[in-house]
Amino acid sequence: MKGLLVLVMILLATPYAGATSELDPFDPRVEETLREFDKVYEEETGESPWLFENPADGLFAPTCFRDSCTVWAQIVKSEQTLYLYLNGELATSWLVSTGLRQHETPRFDRHPNGRVYTKYTSRSYPEGDYMGLGNMPYAVFIQGGFALHGTPEGNWRKLGKRASHGCIRQHPADAKYFNDLVRQVGVRNVWITVQ
């Protein structure tokens, strides 16, 4: 695990063609940066960060919509809350942190893109590490660099308030639960709404 964090830190500190030293979900070149992260993740874990063989498979027509999906995560920014529906029924909810006003989390209404990490590190907000899994553990990417992910203990007091650089922060226990659900049912059976 330490090796992955070291490699990601090196990757983040070493610029390559067209990349920045930090993951910025608003950067139009974020997909280049994420492809490099994918390579490091796969080298370190031996697993693909994609839940399907070919990332191009992620370009699919929706197979379900909101509460007709097995899993629907509805994030209400005005409440800083994620409502989790399983098979159309509200199962639970928890506090999240969406983007600060200058880094507003966009609205989404779609399947996740299929990129799912257990370990993930970004230097944009490097406020610690969670159990060797980086500062953004259990990341489920929605689109581009925007993801639902866990956050280190230093950020837990901010849950329920805007605090992120555009992603949706969650307590790591909640993030792991959601990440596990996405892996279990597959991205075609998961819907994420950010409103």
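The values are calculated or read from the model by the stated rules, or taken from the named source; none is laboratory data. These figures come from a predicted structure and were not determined experimentally. When we count neighbours, we look across all protein chains shown, and the Cβ atoms used for this are built from the backbone with ideal geometry, even at glycine.
Can you tell me how many residues in the stretch 30-65 are modelled with pLDDT of 85 or more, among the aromatic types (Phe, Trp, Tyr) and part of a loop (DSSP other than H, G, I, E, B)?
Final tally of qualifying residues: 1.
Checking Thr118 against (1) surrounded by 24 or more Cβ atoms within 10 Å (Cβ to Cβ); (2) within 16 Å of Leu34 (Cβ to Cβ); (3) of a type in the set (Val, Ile, Thr): exactly one of these is not met. Which one?
It is condition (1) that Thr118 fails.
Is there a residue in the stretch 162-182 that is surrounded by fewer than 18 Cβ atoms within 10 Å (Cβ to Cβ), among the aliphatic types (A, V, I, L, M) and modelled with pLDDT of 95 or more?
Yes, that holds for at least one residue.
For Gly166, state whether it is among the small types (Gly, Ala, Ser) and either touching a His at 6+ places or on another chain (Cβ under 6 Å) or more than 22 Å from Cys64 (Cα to Cα) (or both).
Values: among the small types (Gly, Ala, Ser): yes; either touching a His at 6+ places or on another chain (Cβ under 6 Å) or more than 22 Å from Cys64 (Cα to Cα) (or both): yes.
Here the answer is yes, as Gly166 does meet what is asked.
From the list Ala147, Ala91, pick out the single residue that is in contact with a strand residue (DSSP E or B) (Cβ under 6 Å, 6 or more places away or on another chain), among the aliphatic types (A, V, I, L, M), surrounded by fewer than 18 Cβ atoms within 10 Å (Cβ to Cβ) and outside any helix (DSSP H, G or I). Can you show your working first?
Values: Ala147 fails: surrounded by fewer than 18 Cβ atoms within 10 Å (Cβ to Cβ).
The match here is Ala91.
Residues are listed down the side, and each one gets a yes or a no for (1) of a type in the set (Gly, Ala, Ser); (2) under 15 Å from Trp72 (Cβ atoms):
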residue: Phe146; (1), (2): no, no
residue: Gly160; (1), (2): yes, no
residue: His165; (1), (2): no, no
residue: Ile168; (1), (2): no, yes
residue: Ala173; (1), (2): yes, no
residue: Arg183; (1), (2): no, no
residue: Arg188; (1), (2): no, yes
residue: Gln195; (1), (2): no, yes
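Looking at Thr105, Thr20, Thr14, Thr70, which is the one that is modelled with pLDDT of 85 or more and within 20 Å of Tyr120 (Cβ to Cβ)?
Values: Thr20 fails: modelled with pLDDT of 85 or more; Thr14 fails: modelled with pLDDT of 85 or more; Thr70 fails: within 20 Å of Tyr120 (Cβ to Cβ).
That would be Thr105, the only listed residue that is modelled with pLDDT of 85 or more and within 20 Å of Tyr120 (Cβ to Cβ).
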